[in-house]
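Worksheet for the structure shown next.
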Amino acid sequence: MPAARVRRRRPAALVALSLTLALVSAAGAARARAAPYSITDDRGVRVSFERAPERIVTLLPSLTETVCALGACATLVGTDRFSDWPESVSELPKLGGFEDVQVERLYALEPDAVLVATSTRVIDRLESLGLTVVALEPRSLADARRAVGVLGEVLERSGEATALLDRIDARVRAAAERVPPAWRGARVYFEVSESPHAAGESSFIGELLGLLGLDNVVPASLGPFPKLNPEFVVRSDPDLILAARRNAERMEARPGWDEIGALSRGHVCGFEERAHDVLVRPGPRLGEAAEVLADCLASLPPRGGAER
Amino acid sequence: MKTAVGGAAWLSGWLALAGLVLLGCGLAAGSEGWSFAWGRESGLIGAIRAPRSLGAWCAGALLGVSGALAQGLFRNPLADPYLLGSAAGAGLGVVLVIASGTAVAGSSLAGADWLGQLGLTGAAFLGALGGVSLTLLLAGGAARPLVLLLGGVVVGVLLGAVADLLMLLSPEALRGKQIFLLGTTGLLGWESVLVLGVVLGVTLPLAVRFALVLDALVLGEASASSLGLDLPKLRLMLVSLMALCTGAAVAQAGLIAFVGLVAPHLVRRLVTVTHGPLLALSALSGGALLLAADVIARSVIAPQELPVGVLTAVVGGCYLMLLLRRRAVDARV
């Protein structure tokens, strides 16, 4: 039970990451089984399996992506309507969104495992129908890593899970090395939506930015995805602004935002939709997300010396 | 009077028949369109279609009763089950539960574990009852209907604002709240049918028993009091019944629009009856209406599904508009 509660984000992301990694790989190495096994999901519920599931339904894009990244894409029989990566899953039956899941259609597919987010009423209904439900909701990088580990166990592919985590780590490290030295320690504002909601230091996006050596203008104390007063952004005068392209293009028109130096200097990364998806999904493409960020930083106009 | 009673009997027969026919449709309306291979799909029908159809009927019936009670109590043909803060209360309950599962602004909500245990349906039910209780408290009991109505508006706005604030702090709550606002019959299982059935079985006979009060109220407050009725007490009783009906339906199926408003109007258009038969007939028509909407929602764009609340809102809205255009709304209710 406490296991599910411990997953609060922590600032010392790297420490936590390497710890989780060590745990996951130890678990992977120790296991070579054919007997029934069980895992603990993010609700703290123990779920038992006789053998690796062969007909899986996923109801969260990042979980769909993880199953595929572990090489088990062929076991998927249905997904939610937002899952769109890799290409092959777009041909699977779409079983609704997060809350309006089409229960009958899902049940008729006879899945032997359903992977869902924790915060959904559907779980009760599916379990009362006798389906095996694994609830995972990655919110921090550590969560995302643990989800990969748990799915590795569910699919009896712990070796692949460890390898996937290693690959992600390697890509993040490589991306961090490509960040131009002038940008190290730059203060960034990552906008998730126009309201404006930002990705704070404690969100998985914030953690990833931290791994790339960037500072966040939104401190961890404000929570992972706080809604900000637009004035807060102007006053904090970020060195760099990251947002979806369609939002980034209209930023200067917001009242008072033309004073933000980053906008006039062109220190803005506007991401296309596909790239933005990669950034905002805490799944197996986190390595790619780091690369997207590094690419953008490398392409920006040079940062003029010591500005502050 | 005799013809009215005969008409009511006929109508109840027709509405019950409609319910049964729709139930049959409900068993056949599958996720891949209509299917009549019942032997092969018996598992699917027993586990999903049967409870869903029965649950939709029961929820509709409860909304029908609740709507008829509201319209009688406030002597207003536009009163609906969601008056008096029950909708906002239930919505707040849902948001609280979802937000409790996540951290709000870095720190957990107090009592989060307890809320999680309660579950969405429990919280919505208690929220609806809580909203109405708050309204009653604010209005100082049920003695003055107008104050009661205004109290309901105030409570609705206040609780709605709290829910909105929580949703801003915890974006996860947004998607849960949204489907709750739309209303859905897709998640009804046998447990839901049991709860809805028991509540209907308890509230409908009680409501019919106290329907005389509503008949007396048609004559006006003063006349009703002069008949020796303890109006504040009886009204409180009826408000509680209404809250119970609404709370149970809303907890299981979300804020289904218009069924509770339209069901009594449908009955009144067809027959002229006292409130006792009106309540029973409203239950039958409400059940048939929501079940019909559910069957249509399932089959019209199969294998996709429409949210049933959207459908009832569109159909109910159009029907009401028609009704309003046909004749200026008269005060006769």
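Annotations for the structure displayed:
- The mean sequence separation of alpha-carbon pairs under 8 Å and at least six residues apart, normalised by the residue count of chain B, gives a relative contact order of 33 percent.
- Nearest-0.05 FRET efficiency for B:I301 and B:L137, computed from C-beta distance (R0 45 Å): 0.50
- Taken over the protein assembly as shown, the ratio of Cα radius of gyration to 2.2 N^0.38 Å equals 1.10.
- Relative packing of B:282-290, B:89-97, B:199-207, which averages over residues the other C-beta atoms within 10 Å, highest first: B:282-290, B:89-97, B:199-207
- The mean number of partner chain beta-carbon atoms within 10 angstrom of a residue's beta-carbon across peptide B:46-52 is 3.
- When B:W10, A:W257 are arranged by Cβ crowding within 10 Å, least crowded first, meaning fewest neighbours, the order is B:W10, A:W257.
- Comparing A:G206, B:G160, B:L44 along the charge dipole axis of the protein assembly as shown, the residue lying farthest to the positive side is B:G160, per the Cβ-charge model.
- Cα shape, segment A:181-299, gyration tensor, a/c 1.5 rule: rounded
- Per residue of A:101-113, other chain Cβ atoms within 10 Å of the residue Cβ number 5 on average.
- Net dipole in debye of chain B [+1 Lys, Arg Cβ; -1 Asp, Glu Cβ; about Cα centre; nearest 20]: 840
- Label zone at A:A174 (point 7 Å along Cα-to-Cβ), backbone N below 13 Å, segment A:139-159: none
- Assigned charges on the beta-carbon of Lys, Arg, Asp, Glu; the protein assembly as shown dipole about Cα centre (debye): 1420
- Ranking A:Y37, A:W257, B:L20 by how far each Cα lies toward the positive end of the dipole of the protein assembly as shown (charges on Cβ) leaves B:L20 at the top.
- Computed from the C-beta positions of A:E249 and A:C73, the FRET efficiency with R₀ = 45 Å rounds to 0.80.
- In this label model, A:S195 and B:R75 are separated by 4.5 nm, measuring between points 7 Å along each Cα→Cβ vector.
- Applying Stokes-Einstein at 4 °C and 1.567 mPa s to the Kirkwood radius of chain A, computed over alpha-carbon pairs, gives a translational diffusion coefficient of 63 µm² s⁻¹.
- Positive dipole terminus of chain A, leading residue within A:A220, A:G283, A:V101 (C-beta point charges): A:A220
- Cα gyration tensor shape for chain B, rounded if a/c is under 1.5, else prolate or oblate: oblate
- Nitroxide proxy distance, nm - points 7 Å out along Cα→Cβ at B:S223 and A:S221: 6.7
- Of the complete DSSP H runs in chain A, those spanning 15 angstrom or more by Cα along the long axis with a mean Kyte-Doolittle score not below 0.0 are A:13-30, A:141-154, A:286-299.
- Ranked by the mean number of other Cβ atoms within 10 Å of their residues, highest first, the peptides B:275-281, A:177-183 fall in the order B:275-281, A:177-183.
- Computed from the C-beta positions of B:A161 and A:A35 and an R0 of 51 Å, the FRET efficiency is 0.40 to the nearest 0.05.
Here, each number is a calculation from the coordinates, and none is a lab measurement. Since the model is a prediction, treat every value here as computed from it, not as a measurement. Every residue, glycine among them, receives a Cβ derived from its backbone with ideal geometry; neighbour counts consider all protein chains shown.
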